[in-house]
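The values are calculated or read from the model by the stated rules, or taken from the named source; none is laboratory data. Just so we're clear, the structure is a prediction, and the values are computed from it rather than from any experiment. Here the Cβ positions follow ideal geometry from the backbone for every residue, glycine too, while neighbour counts run over all protein chains shown. Surface accessibility is based on the protein's heavy atoms, side chains included, excluding ligands, DNA and RNA. Shrake-Rupley method; radii C 1.70, N 1.55, O 1.52, S 1.80 Å.
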Amino acid sequence: QVQLVESGGGLVRPGDSLRLSCAASGVTFNTYTMAWFRQVPGKEREFVAASSWGSFIPAYTDSVKGRFTITRDNAKNTVYLRMNSLKPDDTAVYYCAADRSPVGKVSPNEYNYWGQGTQVTVSS
């Protein structure tokens with residue numbers, strides 16, 4: 001059974017940094033594309049970043065390029081999202097997602113497995 005467990009969320013001030021982690025079990029991790037999405041109440045789930053097993057080039061949504069970095073440790077079955085220079089607009093529940101596709105997809109409908117989410121709040 002596939003399980004994704006996120007951690008690392010919290011309340012931070014604008015300009016601060018956070019690192020989210022997502023530990024996967026029940027998968028052959030190095031053959032899964034791992035992604036981060038985020039969602040605020042009343043809005044659709046939004047793609048943030050993806051690390052695909054078919055490419056060494058990660059993908060990011062424009063609003064986080066240069067601030068967020070997705071990395072993966074295949075030995076630990078874990079994907080990370082390093083978030084720097086956080087802004088109030090980054091406030092959301094962040095979800096980890098996984099799929100067998102060799103390339104990262106931006107639609108949440110393309111991902112078969114999801115974590116429970118971790119809240120990130122950026123406020124002064």
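The distance between label points at residue 85 and residue 31 comes to 3.9 nm (points 7 Å beyond Cα on the Cα→Cβ vector). Above 27 Å, the calculated P(r) of the chain contains 10 percent of its Cα-Cα pairs. I'd like to know which of 78, 2, 48 lies farthest towards the positive end of the charge dipole of the chain, counting +1 on Cβ of Lys and Arg and -1 on Cβ of Asp and Glu. About the Cα centre, the residue reaching furthest to the positive side is 78. Centroid-to-centroid, using Cα positions, region 75-104 and region 5-58 are 1 Å apart. Accessible area per residue for the chain is 52 Å², calculated with a 1.4 Å probe on protein heavy atoms, without ligands, DNA or RNA. Comparing 122, 92, 112 along the charge dipole axis of the chain, the residue lying farthest to the positive side is 122, per the Cβ-charge model. What the phi angles of region 28-33 give under the Karplus curve with 6.51, -1.76 and 1.60, with θ = phi - 60°, is a coupling list of 8, 4, 6, 10, 10, 7 Hz, glycine and proline written as x. From the Kirkwood radius over Cα pairs of region 60-109, Stokes-Einstein at 25 °C and 0.890 mPa s returns a whole-number translational diffusion coefficient of 193 µm²/s. Neighbours of residue 9 by Cβ distance under 13 Å: Lys/Arg scored +1, Asp/Glu scored -1, total -1.
Taking a straight Cα-Cα cut-off under 22 Å and skipping sequence neighbours fewer than 8 places away in the same chain, the lysines within cross-link reach of residue 43 are 65, 87, 105. If a/c stays under 1.5 just call it rounded; otherwise compare a/b with b/c (prolate if a/b is bigger, oblate if not). Do that for region 24-70, with a ≥ b ≥ c from the square roots of the Cα gyration tensor eigenvalues. Oblate shape, in that a/c is at least 1.5 and b/c is the bigger or equal ratio. What dipole magnitude, in Debye to the nearest 20, does the chain give about its Cα centre under +1 on Lys/Arg Cβ and -1 on Asp/Glu Cβ? With only Lys, Arg, Asp and Glu charged at Cβ, the dipole is about 180 debye. Split the accessible area of region 1-47 by element, probe 1.4 Å, and carbon with sulfur accounts for 45%.
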